[in-house]
Amino acid sequence: MAYYPGCALEGTGHAYNESTKAVGSALGLKLDEVKDWNCCGAMEVKNIDPKVQTYLSSRVMSIAANEMHAKVVMAPCNGCYHNLKKAEYDLEHDASSRETVARISEKAGHETYQAGQVETIHALDWIKDGVGEEELKRRLKNSLKGLKVANYYGCMYTRPRHIFPEKDKGPGSESTLQPHFMDDLLAAAGAQNVDFPLKTACCGGAHTLSDSDTSTQLVLNILRAAEAAGADVIATECPTCHSGLEMHQVRAEKVLGEKTTVKMLYFTQLLGIALGVAPRKLGVHENVSDGMEVLKKIL
Amino acid sequence: MIHEKSLIRPENLKTHDKLVIDGVDVSGHWSTFIQSRVVTDYNEALQDEIAALPGGEHIHRCWQCGSCTNACTVNAVNPDFNPRFWIYLIRMGMESELLRDKDIIWQCVSCNKCTYACPRDVFPEGVMKATAHWLQLKGHTPKSKSTIFDEVFAEQVIATGKIEEGRTIRGFFARTGQPLMQDWLVEMAKRVARRLPFKQGIAMALAAVFRPRTRKWSKARAALTEYVHEQETRQRKALNLE
Ligand code: SF4
Ligand code: SF4
């Protein structure tokens, strides 16, 4: 399976990269990093020009398909996952996107990506479909029993709906309104998922630095809701959401004097702990919010 | 009633301390008037101009149901942020009305809650971006901080194929004239540094110096630079600029 970590996983999301790989090897899931990958365009490039973003994402899929002969690309970052899905949709449905991408790809000297060559999946699909809850339960070394978790999915994993044709397909498929794949995996690992109404609320990630006051307010709503639901920890599955929650938790405290104590951990860090991987190998010490405080409860 | 009143601009609401009309006393709060106004300065090209910018293509489909505003993340923080209303003004060509909100339209956080809720596939998120873009191209607003961030980011991706976050953040603060040493950023760095092993700190510092780049990128860089330039020219032409 082709693995597309993306830029954030080499920077602020380093711990997500480490813990994803650690969970993969603990579960016997193999990953081959896409060669010479480039940025997918994140939240920003589409505002300069959406088709530049489509091209950037298509190049990653082109390398996976044509140079690595992969059928599936796994992207753990919601932004990357979303952009590859969006490019796939546009290339399938919009002739002018196809024409622009073909023109740029030719000048850039690589094969043009054709819609349908690969399927893009998220790290959640990778574990849920590749291993499943039953197998996960069998491999548990360290149950997360007693840990109260709020599962936070953010925007890009489910919206807009049309770029995720495999979702909302009834039992077993992911829901765009009430996503549950992370809940399912963590429940299998023994965690107690709390009833969290802001699963797909927005953390303001797109304007985290350009409109920080709005982002802080949005994050504070999420942190407060998680605390009100009784959560010890918010499980995340996106580096942008994760660092947004962490940054604005500090900012809310410093700028608004609003202190919250709920911690943030990547779902791969939680799964890794459950599978018996050492916290340091999962980059828990790299998080801004001190996850060890809550993990002490179960370790 | 209270909600409706919030849609009327305060300067158009008139109360009089002492006013008698035809012998009827209409002084005070109980007899608030809404000043009537006549709109003569329609910009009939407005909808077409927005539709010519990326994201605005489907604005004509809107049937004003209001689901977008109802679902909107930013509307929940600031009730003046009203995508449905702005789409209405654009479709009606009421440019001067639209311009009253020019300083907040860029605040859309691209959460796509509106796109999810819209029954007509208008893609209101795209319309917000196109409108913010239009305001800047026409010189009604300076470049927003969001646009400056997008530009710093896109320039780096086009130049090297990849992003090094530290560099993007420093570039953004420099271009917007803000100090990098914000209290809360310093506090955050301190909290991480406390637990980070020394070796890893060095590795991160090195990554910031040797910026990551995609190998074999130069042809892609040239092709993208050319394409972006082409699009800028096309957009300026669609808006009858210079
Ligand atoms: S994408 Fe923008 S306009 Fe749409 S709901 Fe989110 S903030 Fe509001
Ligand atoms: S949800 Fe769609 S159709 Fe309804 S007002 Fe908003 S843009 Fe128009």
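The values are calculated or read from the model by the stated rules, or taken from the named source; none is laboratory data. Because the structure is a prediction, the values reported are computed rather than measured. Note: ideal-geometry Cβ built from the backbone for every residue, glycine included; neighbour counts use all protein chains shown. When the accessible area is computed, the model is the full protein with side chains, heavy atoms only, and any ligands, DNA or RNA have been set aside. Shrake-Rupley method; radii C 1.70, N 1.55, O 1.52, S 1.80 Å.
Things worth noting here:
- Residues being more than 9 Å from ligand 1 (Cβ to nearest atom) and either assigned to a loop (DSSP other than H, G, I, E, B) or not hydrophobic (A, V, I, L, M, F, W, C) (or both) - total across region B:54-81: 17
- Residue in region B:185-193 that is open to solvent by 20 Å² or more (accessible area, probe 1.4 Å), at pLDDT 90 or above, of a type in the set (Lys, Arg) and away from ligand 1 (no atom under 16 Å from the Cβ) present: no
- Region B:82-122: number of residues that are away from ligand 1 (no atom under 13 Å from the Cβ) and either open to solvent by less than 20 Å² (accessible area, probe 1.4 Å) or not hydrophobic (A, V, I, L, M, F, W, C) (or both): 15
Residues are listed down the side, and each one gets a yes or a no for (1) surrounded by 19 or more Cβ atoms within 10 Å (Cβ to Cβ); (2) in contact (Cβ under 8 Å) with a residue 60 or more places away in the chain:
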| residue | (1), (2) |
| --- | --- |
| A:Leu186 | yes, yes |
| A:Leu198 | yes, no |
| A:Gly205 | yes, yes |
| A:Asp211 | yes, no |
| A:Arg224 | no, no |
| A:Gly244 | yes, no |
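- Scanning region B:44-55 turns up no residue that is in contact with a Cys (Cβ under 9 Å, 6 or more places away or on another chain), touching a residue at least 24 places away in the same chain (Cβ under 8 Å) and either of a type in the set (Asp, Glu) or crowded, with 23+ Cβ neighbours inside 10 Å (or both).
- Criterion: within 17 Å of the chain's Cα centre (by Cα), hydrophobic (A, V, I, L, M, F, W, C) and not in a loop (DSSP other than H, G, I, E, B) - qualifying residue of A:Leu136, A:Leu56, A:Leu124, A:Leu91: A:Leu124
- Qualifying residue in region A:249-256 (condition: modelled with pLDDT of 95 or more, under 22 Å from A:Cys77 (Cα atoms) and surrounded by 19 or more Cβ atoms within 10 Å (Cβ to Cβ)): yes
- Selection count where residues are in a helix (DSSP H, G or I), over 14 Å from B:Trp134 (Cα atoms) and within 11 Å of ligand 2 (Cβ to nearest atom), scope region B:82-102: 5
- Restricting attention to region A:246-262, the residues that are within 12 Å of another protein chain (Cβ to nearest Cβ), touching a strand residue (DSSP E or B) at 6+ places or on another chain (Cβ under 9 Å) and either closer than 27 Å to A:Val277 by Cα or β-branched (Val, Ile, Thr) (or both) total 1.
- Matching residues in region A:32-49 - criterion: being modelled with pLDDT under 95 and open to solvent by 30 Å² or more (accessible area, probe 1.4 Å): A:Lys35, A:Asp36, A:Met43, A:Lys46, A:Asn47, A:Ile48
- Of B:Arg191, B:Arg120, all but one fail to be among the basic types (Lys, Arg) and either over 30 Å from B:Ser67 (Cα atoms) or at the interface with chain A (Cβ under 8 Å from one of its Cβ atoms) (or both); the exception is B:Arg191.
- Residue count for region A:193-242, restricted to those that are among the small types (Gly, Ala, Ser), outside any helix (DSSP H, G or I) and on the phi < 0 side of the Ramachandran plot: 5
- Residue in region B:152-162 that is within 29 Å of the chain's Cα centre (by Cα), at pLDDT 95 or above and among the polar types (S, T, N, Q) present: no
- If the condition is being of a type in the set (A, V, I, L, M, F, W, C), open to solvent by less than 20 Å² (accessible area, probe 1.4 Å) and more than 22 Å from A:Asp213 (Cα to Cα), then region B:146-183 contributes B:Ala154, B:Val157, B:Ile163.
- Region A:272-286, residues that are β-branched (Val, Ile, Thr), more than 13 Å from chain B (Cβ to nearest Cβ) and either over 17 Å from A:Gly190 (Cβ atoms) or not in a helix (DSSP H, G or I) (or both): A:Val277
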